[in-house]
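Input: a single structure, listed below in structure tokens.
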Amino acid sequence: LYVLSNKTERTQAGVDEYHCTMAALQTYTQNICIVGAAGSGKTFLIREFLASLPPEELAATLIVAPTGRAADHLDAQTIHRAFQLDNAVQLNEAVAAAPKKLFSISRLIIDEINMVRIDVFTKVIKTIQFIEKQTAKHIQVIVVGDFGQIQPVTTDEDMDAIKFYYPEAKGVYAFQSELWAHMNFRKIVLKYIHRQREPEFMQKLNEIKYGKLSAIDWFNKNANSPYSFNPIYICPTNKLVDYYNKQAEDIF
């Protein structure tokens, strides 16, 4: 874990990360993978990069995301819509056709790559490679995300199909596709968190995200009392909401 020690160093690192990443994005020859925790400025950088492009270059840049909500952040399309994919697990087979509109792109940006399932990533890259072969041009691929955040949505039926069609795969993430290594991504890691200014808190957030159970003690010691007269809880399920509401009713 990289924790910046003081305000001057944090500011300088933020500036360096911004300029280095922008310079890398403006190359055509390299495929790029940008990763960083929540609040590291990934979406901001992509927006700034898109804003810097001349109209003809912007028109040749396709921005996609795995969900409609993620796509809205960048005024993008969903991957399934852009590549005309159905919701089933994509077969691991050669691509012999592609949507006509894709033949005009010179750059593909995939946001929230952590949510892109291995079969979808494989299908997308095979489609890009098919277009490159047909047009004799290179299409730059830029992927952005954080593999420590939301993982690809996969049902039990999806897992059975993925194991059948991708028997060598060790998981469902895009980077576990056999095509990931072939893309030879230049990896850029954004380390400066813009949303937080407390190094210890940032460290514990990363520890808990990657499963370091000792961080639970820190959160238990520093968390507010479970109940207050004006409680606000963020809960992942209605069942948990009902539980906390019932507890509050019993106390108050």
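The values are calculated or read from the model by the stated rules, or taken from the named source; none is laboratory data. These numbers come from a predicted model, not from an experiment. Every residue, glycine as well, gets a Cβ built from its backbone with ideal geometry; the counts of neighbours run over all protein chains shown. Calculation scope for accessible area: heavy atoms of the full protein, side chains included, ligands and nucleic acids excluded. Shrake-Rupley method; radii C 1.70, N 1.55, O 1.52, S 1.80 Å.
The orientation-averaged projection of the convex hull spanning the C-alpha atoms of the range 140-206 amounts to 6.6 square nanometres. Computed over the range 79-192, the P(r) curve from all C-alpha pair distances, binned at 10 Å from the origin, holds 13, 46, 33, 8, 0 percent per bin. Between THR61 and ILE150, what's the calculated FRET efficiency when r is the beta-carbon distance and R0 is 30 Å? Round to 0.05. E between THR61 and ILE150, to the nearest 0.05, is 0.75. Against the compact-protein benchmark of 2.2 N^0.38 Å, the Cα-based radius of gyration of the range 20-71 scales to 1.19. Put simply, the C-alpha atoms of the chain give a gyration tensor, and the ellipsoid matching it has half-axes of 36, 25, 17 Å, longest first.
Extension gain for ASN87-TYR165 works out to 26.5 nm (0.36 nm per residue, less the C-alpha to C-alpha distance). Taking 0.36 nm per residue of separation and subtracting the current Cα-Cα distance, fully stretching the chain between HIS19 and ALA223 would add 69.7 nm. Computed from phi, the 3J(HN,Hα) profile of the range 178-192 under the Karplus parametrisation 6.51, -1.76, 1.60 (θ = phi - 60°) reads 5, 7, 4, 5, 5, 6, 6, 5, 7, 8, 10, 10, 8, 10, 8 Hz, with x in place of Gly and Pro.
Taking each residue as 0.36 nm, the span from TYR243 to PHE201 lengthens on full extension beyond its C-alpha to C-alpha distance by 12.3 nm.
Ordering ARG47, ARG81 by accessible surface, largest first, gives ARG81, ARG47; the 1.4 Å probe counts only protein heavy atoms, with every chain in place. Amide H contacts of THR78: ALA65, each under 5 Å away and 5 or more positions distant or on a separate chain (H built 1.01 Å from N in the peptide plane; Pro and chain starts excluded). For the chain, the membrane-span-like helices by this rule, meaning whole DSSP H stretches whose C-alpha atoms cover at least 18 Å of axis and whose Kyte-Doolittle mean is 0.0 or above, are 118-135; this says nothing about an actual membrane. Taking only protein heavy atoms and a 1.4 Å probe, the accessible area of the chain is 53% carbon and sulfur. Only helices enter this figure: runs of n ≥ 4 DSSP H residues, each worth -39500 (n - 2.57), summed and divided by the residues of the chain, yield -13000 deg cm²/dmol at 222 nm to the nearest 500. Any number yet on Rg/Rh for the range 40-138, C-alpha, Kirkwood? That ratio equals 0.96. What residues of the range 35-49 lie in the reach of a label at VAL189, counting those whose backbone N is under 17 Å from a point 7 Å from the Cα along Cα→Cβ? Correct set: 35-42.
Considering only LEU58, MET202, ILE118, the residue lying farthest towards the positive end of the dipole of the chain is LEU58, judged by Cα position with unit charges set on Cβ. Taking all protein chains as shown and a probe of 1.4 angstrom, TYR244 keeps an accessible surface of around 70 Å².
Summarising the label geometry, the points placed 7 Å from Cα in the beta-carbon direction at ARG69 and GLU132 lie 3.3 nm from one another. Taking all protein chains into account, the per residue accessible area for the chain stands at 60 Å² (1.4 Å probe). Using a simple spin-label model with pseudo-atoms 7 Å out from Cα toward Cβ, SER106 and ALA94 lie 3.0 nm apart.
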